[in-house]
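Down below is the structure, laid out as structure tokens.
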Ligand code: C2O
Ligand code: CU
């Protein structure tokens with residue numbers, strides 16, 4: 001397949017344009033939302049949990065009664081969840097049983113370059129490799145996904161995505177809901193043909209079916225007590241505007257972990273690859289209540305309050321202060337755009353498409369920098385900005401205070417048409433090459449990516 005053959009118009013990058021999507025006829029709220037299985041380590045050493053996973057094709061029942069060919073980590077369409085804790089390493093051996101190169105990037109992870117899943121650092125078919133994650137960062141909702149050169153959009157679209165959750169001791173002492181009351185929810189869009197097979201080569205705007213943990217408009221039975229939900233937008237290109245029908249969601253965490261304090265919210269904006277954690281207290285609603293999580297006015301998941309339950313969890317007024325911002329000594333400009341002058345669009349950062357042989361920025365380890373990141377297109381297309389390795393802070397947006405979705409520690413930020421943000425980041429310890437890119441994966445796959453070389 002030629003994944004580099006996009007069509008001509010904006011919004012059709014990556015598209016062949018021959019496909020016709022069919023909206024699956026699934027009765028709303030007829031399927032229960034699964035919670036991705038937590039993977040058990042193959043063994044444990046004194047300092048690390050060691051896992052094994054296989055990257056392989058499989059069939060998933062996304063539409064009831066239909067077997068859809070997908071690509072998976074571990075045979076599951078939302079890959080198994082890895083549960084890690086701060087200060088204890090995780091090592092994962094991935095075997096690639098696809099017929100194409102693949103790899104694994106731990107999105108939001110603070111990891112050495114050799115384990116980062118750089119686009120050129122792939123696992124060949126039939127081979128295996130070890131990723132070593134030190135988990136030196138604080139608790140956060142991370143996720144893992146494919147990042148193989150020019151293939152990430154198709155691979156992630158077809159299912160190479162899963163959760164990686166880090167817990168830490170300080171967070172534990174807050175006594176937020178845990179166990180069965182701490183639920184990761186992967187939201188993403190998708191498109192099917194009449195046979196229930198995935199359509200990748202089409203305008204991403206036609207991906208109008210939305211999945212919650214791999215199911216279409218599922219329900220999820222809950223007890224009348226507090227829950228922690230870890231929401232991830234795993235769509236290649238989609239901004240979700242999530243609401244619970246006007247009911248309150250207490251936002252407690254962003255991409256990189258806890259916010260200083262819970263933020264009462266009735267709407268959450270999540271661009272591709274962003275995370276938001278919320279606490280919802282279903283004790284406010286009588287047994288028998290149904291609360292629908294919608295994207296705008298489109299229902300995507302229904303919570304059914306089916307029973308009472310005891311609840312010794314808490315939602316403290318104070319969560320975790322953000323680290324102090326050291327003074328920045330370097331300011332850089334980063335412009336995300338397309339070159340539309342040729343037969344096919346080319347993605348660019350600072351007017352150049354990704355070249356794995358070129359380091360675009362030289363960064364000094366220990367430096368604190370401000371990056372002015374701009375959506376430099378004039379064709380009304382959205383972008384996002386994602387940096388590997390470090391969490392950053394959004395200082396301002398379009399010269400004004402940041403939006404609620406920009407709060408806290410971030411690794412991905414939305415750049416709507418004409419949008420710009422200033423972010424501040426400290427490069428704490430690792431040296432080597434890391435990429436930064438648009439997380440609209442159809443854009444990064446055709447060049448909207450660059451890399452920095454961090455030196456001692
Ligand atoms: Cu989630 Cu470079 O990616
Ligand atoms: Cu983009």
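If you take the beta carbon distance between residue 309 and residue 149 as r and set R0 to 56 Å, what does 1/(1 + (r/R0)^6) give as a FRET efficiency, to the nearest 0.05?
Here the calculated transfer efficiency is 0.70.
So for the pair residue 455, residue 400, with labels modelled 7 Å out along Cα→Cβ, what separation do we get in nm?
4.1
Counting alpha carbon pairs within less than 8 Å and at least 6 residues apart, what relative contact order, in whole percent, applies to the range 33-91?
Relative contact order, the range 33-91: 37 percent.
As a footprinting exposure proxy, order 251, 364 by other Cβ within 10 Å, with the fewest listed first.
In increasing order of surrounding Cβ atoms, one gets 364, 251.
What's the percent breakdown of Cα-Cα distances in the chain across 20 Å bins, shortest bin first?
26, 61, 13, 0
Quickly rank 157-163, 106-112, 265-271 as a protection proxy: mean count of other C-beta atoms within 10 Å, highest first.
157-163, 106-112, 265-271
From Cα pairs below 8 angstrom and at least 6 apart in sequence, can you work out the relative contact order of the chain, rounded to a whole percent?
It rounds to 15 percent for the chain.
When the label point is put 7 Å from the Cα of residue 66 along its Cα-to-beta-carbon vector, which residues of the range 294-336 have a backbone N closer than 19 Å?
Answer for this model: 299-301.
How high is the relative contact order of the range 179-308, in percent, counting Cα pairs under 8 Å that sit 6 or more residues apart?
Working: 307 pairs, mean separation 38.0, N = 130.
Relative contact order, the range 179-308: 29 percent.
Within the P(r) computed for the range 374-435, what percentage of the Cα pairs occupies the region above 20 Å?
That tail contains 30 percent of the Cα-Cα pairs.
Computed FRET efficiency, Cβ-Cβ of residue 180 and residue 431, R0 35 Å: what is it to the nearest 0.05?
The value I calculate is 0.25.
Label residue 365 and residue 283 with points 7 Å out from Cα along Cα→Cβ: what is the distance between them in nm?
4.9
Under the 0.36 nm per residue contour assumption, what length would be gained going from the current alpha-carbon distance of residue 127 and residue 85 to full extension?
Separation in residues times 0.36 nm, less the Cα-Cα distance, equals 12.3 nm.
Dimensions of the range 43-170 along principal axes (Cα, Å, largest first)?
44, 33, 25
Each label point is 7 Å from the Cα along the Cα-to-Cβ direction; what then is the distance between the points at residue 35 and residue 329, in nm?
Each label point lies 7 Å from its Cα, and together they span 4.7 nm.
Given the -39500 (n - 2.57) contribution per DSSP H run of 4+ residues, what per-residue ellipticity at 222 nm results for the chain, rounded to the nearest 500 deg cm²/dmol?
Theoretical 222 nm ellipticity from helices: -500 deg cm²/dmol.
Suppose R0 equals 56 Å; then what is the FRET efficiency for residue 22 and residue 351 from their Cβ-Cβ distance, rounded to the nearest 0.05?
It comes out at approximately 0.90.
Under the 0.36 nm per residue contour assumption, what length would be gained going from the current alpha-carbon distance of residue 261 and residue 47 to full extension?
73.8 nm
Once you order the gyration tensor axes a ≥ b ≥ c over the Cα atoms, which shape class does the range 330-455 get: rounded for a/c under 1.5, otherwise prolate or oblate by comparing a/b with b/c?
oblate
Restricting to bridges with both residues inside the chain, how much of the DSSP beta-bridge set is antiparallel, in percent to the nearest 5?
DSSP beta bridges in the chain are roughly 70 percent antiparallel.
Work out how much length residue 114 to residue 169 would gain on full extension: take 0.36 nm times their residue separation and subtract the Cα-Cα distance, in nm to one decimal.
This chain segment gains 17.0 nm when fully extended.
Computed from the coordinates by the stated procedures, all read-outs in this text should not be read as laboratory data. This structure is a prediction, so every number in the text was calculated from the model and none was measured. Heads up, the Cβs are rebuilt from the backbone with ideal geometry, glycines too, and the neighbour counts pull from every protein chain shown.
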